[in-house]
Amino acid sequence: MHLTIVAATGGIGRELLRQALAAGHEVIAVVRDPSKITDPVQVVRVDLADADPAALQSAVKGADAILSGLGARSTAEAGVAWRGTQAIVDAAEALAVRRLIVVSAAPIGTVPSPARPHPPRHDPGDGFFMRHLGAPFARTMFRTHYEDLARMEDLVRASDLEWTIARPPKLSNKARTGRYRTALGHNVRGGFSISRADVAHQMLHSLDQPETVRQVVGMAY
């Protein structure tokens, strides 16, 4: 496949790039700092905080799918997920690229957003710990980050694209295992963590899973 990987130097983006190349895909990497890319791959420089539409369109033209690891790395970058994703959606729709897979976070289903001002209090997949301790703590600690991701999800859902939203819980830098659980439409029951490598593995695997189109995918060990 011809894939465009956005934010290819981030934690999940690096894994998407590495695994996609290893699988033989043709890849264009969209990054803010091309000097951080050492793989033999075509690179397009785009700052998703204020994306150049022409540059972004050049990166997604002819792609079979776009995979995005975009997300704020600090409070100062809050807003980059929804703004950057809006630019991605606009570019995809302008060039008739249909498939989009983005990464969000497990608690986002319970975070208010402009399109969902009154979300459910609990995710159907969350157990007692996550409902009463884990998720409330995470929403408090990462409020600004999660509000950004919730708004990003609104934009993706409202698009005409064949989208998938990956919602992992706590992330680690452990190696890929390929052994994790998934759930469509909700979080994984009892799931607490997953590696960035396995999140990337599942996002790439979703390319061959039509049942994940226009779905949220929970994932965890």
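The values are calculated or read from the model by the stated rules, or taken from the named source; none is laboratory data. Bear in mind that the values here come from a model prediction, so they are computed numbers and not experimental data. Virtual Cβ from ideal backbone geometry, glycine too; neighbours counted across all protein chains shown. Remember, those area values only see protein heavy atoms, side chains included, never the ligands or the DNA or RNA. Shrake-Rupley method; radii C 1.70, N 1.55, O 1.52, S 1.80 Å.
In the set (1) more than 19 Å from residue 20 (Cα to Cα); (2) touching a helix residue (DSSP H, G or I) at 6+ places or on another chain (Cβ under 6 Å), the condition left unmet by residue 67 is number (1).
Assessment of segment 36-53 against the conditions (touching a Lys or Arg at 6+ places or on another chain (Cβ under 9 Å), closer than 23 Å to residue 153 by Cα, part of a strand (DSSP E or B) and of a type in the set (A, V, I, L, M, F, W, C)) yields no matching residue. Screening residue 67 against (1) open to solvent by 50 Å² or more (accessible area, probe 1.4 Å); (2) outside any helix (DSSP H, G or I) leaves a single unmet condition, (1). Selection within segment 31-51: residues that are within 18 Å of residue 62 (Cα to Cα) and in contact with a Leu (Cβ under 7 Å, 6 or more places away or on another chain). The member of this set that is most open to solvent (accessible area, probe 1.4 Å) is 41.
Go through 21, 17 for me and flag whichever is farther than 17 Å from residue 102 by Cα, part of a helix (DSSP H, G or I) and in contact (Cβ under 8 Å) with a residue 12 or more places away in the chain. First the steps, then the outcome.
Details: 17 fails: farther than 17 Å from residue 102 by Cα.
Of the residues listed, the single one that is farther than 17 Å from residue 102 by Cα, part of a helix (DSSP H, G or I) and in contact (Cβ under 8 Å) with a residue 12 or more places away in the chain is 21.
Filtering segment 92-124 to residues that are without any contact (Cβ under 8 Å) to a residue 12 or more places away in the chain and of a type in the set (D, E, K, R) leaves only 121.
Here's the yes/no breakdown for (1) under 21 Å from residue 8 (Cα atoms); (2) modelled with pLDDT under 95; (3) surrounded by 23 or more Cβ atoms within 10 Å (Cβ to Cβ); (4) of a type in the set (Val, Ile, Thr):
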residue: 150; (1), (2), (3), (4): no, no, yes, no
residue: 201; (1), (2), (3), (4): yes, no, no, no
residue: 209; (1), (2), (3), (4): no, no, no, no
residue: 212; (1), (2), (3), (4): no, no, no, yes
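Of all residue pairs spaced 6 or more apart or on separate chains, those with beta-carbon atoms under 8 Å, a first member in segment 171-196 that is in contact (Cβ under 8 Å) with a residue 24 or more places away in the chain and a second member that is aliphatic (A, V, I, L, M) and open to solvent by 50 Å² or more (accessible area, probe 1.4 Å) are 193/171; 194/171; 195/171; 195/175; 196/171.
Take the conditions modelled with pLDDT of 95 or more, open to solvent by 40 Å² or more (accessible area, probe 1.4 Å), within 15 Å of residue 85 (Cβ to Cβ) and small (Gly, Ala, Ser) and apply them to residue 175. Does it pass? Against the criterion (modelled with pLDDT of 95 or more, open to solvent by 40 Å² or more (accessible area, probe 1.4 Å), within 15 Å of residue 85 (Cβ to Cβ) and small (Gly, Ala, Ser)), residue 175 does not qualify. Residue count for segment 63-88 satisfying the condition of being farther than 18 Å from residue 165 by Cα and either in contact (Cβ under 8 Å) with a residue 60 or more places away in the chain or among the charged types (D, E, K, R) (or both): 5.
May I ask you to verify whether residue 90 is acidic (Asp, Glu) and either surrounded by fewer than 15 Cβ atoms within 10 Å (Cβ to Cβ) or modelled with pLDDT under 95 (or both)? Considered against the rule, which asks whether it is acidic (Asp, Glu) and either surrounded by fewer than 15 Cβ atoms within 10 Å (Cβ to Cβ) or modelled with pLDDT under 95 (or both), residue 90 comes out as no. Just one of the numbered conditions (1) under 14 Å from the mean Cα position of the chain (by Cα); (2) outside any helix (DSSP H, G or I) is not true of residue 12: (2).
Under the condition of being in a loop (DSSP other than H, G, I, E, B) and of a type in the set (Gly, Ala, Ser), which residue from segment 175-194 is farthest from residue 100 (Cα to Cα)? Filtering segment 175-194 for residues that are in a loop (DSSP other than H, G, I, E, B) and of a type in the set (Gly, Ala, Ser), the one farthest from residue 100 (Cα to Cα) comes out as 190.
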